[in-house]
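Here the structure comes first, spelled out in structure tokens, and everything after it is commentary.
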Amino acid sequence: MRRNRHFRMGDVMMVCDVSLGYLQKYIKVLEETEYIIHTNKNKRPYSNREYTLYNYTGVAAPRVVPEGLYDENINETHVLYEERIVHLPENLPEILESMKSNDAATKVELCKASGVTRKKLNDWWNVIEKLGVVKDRFQEVVNKKLVDVYIFDSSRVREIIKELKAGAYKEEDKELRSLWMH
């Protein structure tokens, strides 16, 4: 693009040895940030579309980043995508955090550590078991009563917390709804 200010997408594909799908996404971001402009008015197939390099800022090619496009030549990020708002399910992150810090615990101990009621913990318990957090359980005598002690998979707990924070919880998503609804 720097060498030939007027170019076709097919030319770039041949020189850079990249797939059409990848290049289409990259070209689209470059167009949105006005680094290149589409010069021919008719809508040809992508490989025959003609472009002109409009905004040349330096030798380093701009990179696509989660927010949009980063240009290290001018040390600037062109924000194209809105900040993602992540919704966390009520009480589940607190329960998982308390499991992360304990290898094994009773439900009463989990309630105290996470600050949730026994009812809230029981509401999430089926989901927690389906997620593969509980590895095993055994019974122990506490205050002359037989109670269940649960053993947790701490690496699985960390994975789930990471996914939740990345936005895996979408109550409105039909495919995930069955997982998060209790």
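Output the strands (runs of 3 or more DSSP E) that fall wholly within segment 57-132 and possess 2 or more residues being farther than 20 Å from Val147 by Cβ and aliphatic (A, V, I, L, M), or say none.
The strands (runs of 3 or more DSSP E) meeting that bar are 63-65.
At pLDDT below 90, out of contact with any helix residue (DSSP H, G or I) (no Cβ under 8 Å at 6 or more places or on another chain) and among the basic types (Lys, Arg), is that true of Lys130?
no
What is the one condition in (1) under 30 Å from Gly68 (Cβ atoms); (2) among the hydrophobic types (A, V, I, L, M, F, W, C); (3) in contact with a Lys or Arg (Cβ under 8 Å, 6 or more places away or on another chain); (4) at pLDDT 85 or above that Ile160 does not satisfy?
(3)
Considering Arg49, Arg63, Arg137, Arg118, which residue is free of Cβ contacts under 8 Å to residues at least 40 places away in the same chain, of a type in the set (Lys, Arg) and assigned by TED's automatic domain parsing to the domain that holds Thr33?
Arg63
Give me a count of the residues in segment 51-76 that are surrounded by fewer than 16 Cβ atoms within 10 Å (Cβ to Cβ), closer than 20 Å to Asn4 by Cα and touching a strand residue (DSSP E or B) at 6+ places or on another chain (Cβ under 7 Å).
Of the residues in segment 51-76, 4 are surrounded by fewer than 16 Cβ atoms within 10 Å (Cβ to Cβ), closer than 20 Å to Asn4 by Cα and touching a strand residue (DSSP E or B) at 6+ places or on another chain (Cβ under 7 Å).
Condition check: out of contact with any strand residue (DSSP E or B) (no Cβ under 6 Å at 6 or more places or on another chain), more than 30 Å from Asn55 (Cβ to Cβ) and in a strand (DSSP E or B). Does Val141 satisfy that?
Considered against the rule, which asks whether it is out of contact with any strand residue (DSSP E or B) (no Cβ under 6 Å at 6 or more places or on another chain), more than 30 Å from Asn55 (Cβ to Cβ) and in a strand (DSSP E or B), Val141 comes out as yes.
Given the options Leu80, Leu96, Leu88, name the one that is at pLDDT below 90, over 30 Å from Gln24 (Cβ atoms) and in contact with a Leu (Cβ under 9 Å, 6 or more places away or on another chain).
None of the other options fit; the residue is Leu88.
The values are calculated or read from the model by the stated rules, or taken from the named source; none is laboratory data. On a predicted model such as this, the values are computed, not experimentally measured, just so you know. All Cβ positions, even for glycine, are placed from backbone atoms using ideal geometry, and neighbour counts span all protein chains on display.
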